[in-house]
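First the structure, in the form of structure tokens, and then the observations on it.
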Amino acid sequence: MEKETTITTKDEVFKAVEKNAVMFVRLWFTDILGQLKSFAIPPRELEGAFEEGMGFDGSSIKGFARIDESDMIAKPDPATFQIVPWRPQENAVARMFCDILQPDGSPYEGDPRYSTY
């Protein structure tokens, strides 16, 4: 059994995606009640996700935002990258947890990963 390599940087994510022929990366986050939410992106969108984050409609997530202030950004944390083990190895799927940001790039206070401590 091969020992898993710890991934901590976006460059290591890119190498793992290529090595494992990852077809999609699921970007995970939780709502304020702790329910897992996610959406998938193809590997070609990873660079933009790391640099700018991926926009989504926060009003569709319970407790996140009102309809008039619904733009939110999910920015993946490369240290949470993992190949999803219950999927077939061919056409692999990976996942990363995300920090949730406001459109101006500031942390969203309703993100359970956000801490003011």
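The values are calculated or read from the model by the stated rules, or taken from the named source; none is laboratory data. Here the structure is a predicted model, which means the values were calculated and not measured. In this analysis, Cβ positions are derived from the backbone assuming ideal geometry, glycine residues included, and neighbour counts consider all displayed protein chains.
Of the residues that sit in the stretch 1-20 and are aliphatic (A, V, I, L, M) and at pLDDT 95 or above, which one is nearest to THR80 (Cα to Cα)?
VAL13
Within the stretch 87-117, count every residue that is assigned to a loop (DSSP other than H, G, I, E, B) and not polar (S, T, N, Q).
Total meeting the criteria: 15.
What single numbered condition from (1) farther than 26 Å from ASP104 by Cβ; (2) at pLDDT 80 or above fails to hold for PHE56?
All conditions are met except number (1).
Is it true that MET72 is part of a strand (DSSP E or B), more than 22 Å from THR8 (Cα to Cα), in contact with a helix residue (DSSP H, G or I) (Cβ under 7 Å, 6 or more places away or on another chain) and modelled with pLDDT of 85 or more?
Judged against the criteria, MET72 is a match.
Can LEU33 be described as outside any strand (DSSP E or B), surrounded by fewer than 17 Cβ atoms within 10 Å (Cβ to Cβ) and either of a type outside the set (A, V, I, L, M) or touching a residue at least 12 places away in the same chain (Cβ under 8 Å) (or both)?
yes
Just to be sure before I move on: is ALA21 surrounded by 17 or more Cβ atoms within 10 Å (Cβ to Cβ) and of a type outside the set (Phe, Trp, Tyr) in the structure I sent?
Against the criterion (surrounded by 17 or more Cβ atoms within 10 Å (Cβ to Cβ) and of a type outside the set (Phe, Trp, Tyr)), ALA21 does not qualify.
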